[in-house]
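A short worksheet on the structure shown next.
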Amino acid sequence: MGMCFSGDVREGKQAVGEAHNNSNDGGGHNDAVDFFFRSRGDHALFTQIEIVTKQNRTSTLNLHDKRTGVSRNLGTLSVHAEETVASRNAVEISFRCSRLAKDPFLRISRIVESVDSVPIFKTEVINDNLNPIWRPITLSMQQYGSKENPLIIECFDFNTNGNHILLGQIQKSVADLQKLHQEQSGANFVLPSAHRNHEKVLKSQLFIDNYIEKEQYTFLDYISSGFELNFMVAVDFTASNGNPQNPNSLHYIDPSGRLNSYQQVEGVDGIMAAYASALHNVALAGPTLFGPVINMAAQIAGQSLSQDDRSKYFVLLIITDGVLTDLQETKDALVRASDIPLSILIVGVGGADFTQMEILDADNGRRLESSTGRIATRDIVQFVPMREVHGGRISSVQALLEELPSQFLTYVRPRDIKPSNLQVA
C-alpha cells in the first residue's frame, strides 16, 4: 500500500490548507500548510504578487497619525494571490466516509496539466472511528481552479511514525461533489495498482453531507471598503541594548546623524519623535517582558469588540533586541490574543540570538500553545530580523507585512465579517 509522510505527530493530526479557520485545530495557508508541503517536497499552494497603490482603489496600507494629521504610505506589499484575486467563489464541503480504518484523514490534491497533482488541503485526523465525519472545509477557487477541474481525494490511515497508509482514493471535480450531495449518493474508493487499469474498487464510500457555494472576500475588499487598521508601537528600552551613551549601544544617538538600529525602522514622524523623547527620559533596565505589552494591546483591540465595532483591526509593532525573560507568559498572551482583531509585527535589532522570536512566529507549522494546553486559533505574529534587511536579502516593509493579509482574513472570515459599502472593480 502507498504511504504519506508528515512531520510532528501532534501537528500532523491537524487540518491544513483551509481558506479560513473554523476551529482551534485548523491551519492557515501561511504556516501549517506551507510547512506540510515543504516537508514532503511538494509545490507551494500560492504564488506571491506585489500590490501597488491605485488612485481608484485603496489597495495599499497607509499609517495615519491622528495627532499631527500626517499620513505615510508604506509602499508596496507582498501578499498571496488568494488574498487579492477579485473572484470570490468558494465552496464549503462536509465529507463523510464509511467502512474505513482506525484513524483516517483525507488529503485533497488538484490535478494540473493532466499529470501532476498539487495538494490543496488535508483534513484533521478522526481518532478511532471507522465511519468518520470531518469538520466542514472551505476551498477557494484559487485552490480548486474551476468546478470542472479534477481533484484527487485520498484517504489515509494515520500512523504516529509518519508513515500513513493509503486506504483508497477517488478522482472527482467540485461539480462531481456537488452532484453527489444533490443525489445523496456515495462514491466508492479505489486502490491504485502498479498495473494500468487494474484498480481495485473498495466497499468504502465517500459521501458529501453538505455543499454550499459562498462569497469569499479578499483583503483588498475590506481595505477598499473603509476597514480601519490601527497601528501601535512598542520599543525595547531594556538594559540588554547597552548604555545609550556608549557607541556600541543599539540606542546610541550618533552626533554625526547616523541612525541607530531602532531609528532605521521606517515610520511616521510622530513615532520617531516619541522614541527620541522616551530615550532621554527613561533609564534602561530589565527584565525584558513582552507579556504586559501584548496584554495592553489586546485590551485596546478588545475594546472595539465591547463596542460592537467590527470594522477595526489592530497592529502592534514591537522593536526589540530579542532576549525575552517571559517566554511562556508571552505565549499565553498571544494565545489569548488570537481570538481578537490583532496582529503583532516584531522587528529584531542587533546581533542577538532570535530563537525565541522564531518560536513566537510559529512559521514551522506549530501553533503556539499556552501553559494550560490551549492552542492558538490562528497565527498572529510576524518576525523580521533587521540584519537580514541590512544584508539586502529582504525588504523591511514587505517582510513585515507579507503575513498581515492572511492573518487579517483568518480573523474576519470565520466570524462572517463582511466589507461594508463594497464597490467591486
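The values are calculated or read from the model by the stated rules, or taken from the named source; none is laboratory data. Just so it is clear, the structure is predicted and the values come from calculations on it, not from any experiment. In this analysis, Cβ positions are derived from the backbone assuming ideal geometry, glycine residues included, and neighbour counts consider all displayed protein chains. The area values use the complete protein model at the heavy-atom level, side chains included, leaving out ligands, DNA and RNA. Shrake-Rupley method; radii C 1.70, N 1.55, O 1.52, S 1.80 Å.
For this structure, a couple of remarks:
Results for (1) loosely packed, with under 12 Cβ neighbours inside 10 Å; (2) at pLDDT 65 or above, shown as yes or no for each residue.
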| site | (1), (2) |
| --- | --- |
| Gly226 | no, yes |
| Ala239 | no, no |
| Gly242 | no, no |
| His251 | no, no |
| Arg258 | yes, yes |
| Gln263 | no, no |
| Asp269 | yes, no |
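- Residue in the stretch 202-224 that is nearest to Ser304 (Cα to Cα), counting only those that are modelled with pLDDT of 90 or more and among the aliphatic types (A, V, I, L, M): Ile212
- Of the set (1) outside any loop (DSSP other than H, G, I, E, B); (2) of a type in the set (Val, Ile, Thr); (3) in contact (Cβ under 8 Å) with a residue 40 or more places away in the chain, all apply to Thr288 but (1).
- Number of residues in the stretch 151-200 that are in contact with a strand residue (DSSP E or B) (Cβ under 7 Å, 6 or more places away or on another chain) and open to solvent by 100 Å² or more (accessible area, probe 1.4 Å) equals 3.
- Of all the residues in the stretch 133-168, those that are in contact with a Leu (Cβ under 8 Å, 6 or more places away or on another chain) and of a type outside the set (A, V, I, L, M) number 8.
- Evaluated against (1) modelled with pLDDT under 90; (2) under 21 Å from Ala90 (Cβ atoms), Pro150 falls short on exactly one condition, (1).
- Selection of the stretch 335-388 for residues being at pLDDT 90 or above and at positive phi yields only Gly373.
- Subset of the stretch 342-372 [among the small types (Gly, Ala, Ser), touching a Phe, Trp or Tyr at 6+ places or on another chain (Cβ under 9 Å) and over 14 Å from Leu400 (Cβ atoms)]: Gly365
- Unique residue being in contact with a Phe, Trp or Tyr (Cβ under 8 Å, 6 or more places away or on another chain), under 19 Å from Lys122 (Cβ atoms) and in contact (Cβ under 8 Å) with a residue 24 or more places away in the chain when the list is Leu229, Leu202, Leu180, Leu139: Leu139
- Listed conditions (1) under 23 Å from Phe314 (Cα atoms); (2) surrounded by fewer than 22 Cβ atoms within 10 Å (Cβ to Cβ) are all met by Arg387, apart from (1).
- Count of the stretch 351-362 residues, restricted to those that are of a type outside the set (Val, Ile, Thr) and not in a loop (DSSP other than H, G, I, E, B), is 5.
- Hey, Ile300 closer than 25 Å to Lys418 by Cβ, touching a residue at least 24 places away in the same chain (Cβ under 8 Å), not in a loop (DSSP other than H, G, I, E, B) and not acidic (Asp, Glu) or not: yes
- Of everything in the stretch 308-350 that is in a loop (DSSP other than H, G, I, E, B) and among the polar types (S, T, N, Q), the residue that is farthest from Val412 (Cα to Cα) is Thr325.
- Only a single criterion out of (1) part of a loop (DSSP other than H, G, I, E, B); (2) free of Cβ contacts under 8 Å to residues at least 40 places away in the same chain is not satisfied by Asn188, namely (1).
- Each residue in the stretch 113-140 was checked for being farther than 13 Å from Ala15 by Cα, assigned to a loop (DSSP other than H, G, I, E, B) and either open to solvent by less than 80 Å² (accessible area, probe 1.4 Å) or touching a Cys at 6+ places or on another chain (Cβ under 6 Å) (or both), and 2 pass.
- Considered as a group, the residues in the stretch 89-112 that are open to solvent by 50 Å² or more (accessible area, probe 1.4 Å) and modelled with pLDDT of 90 or more include one that is farthest from Ala15 (Cα to Cα), and that residue is Arg110.
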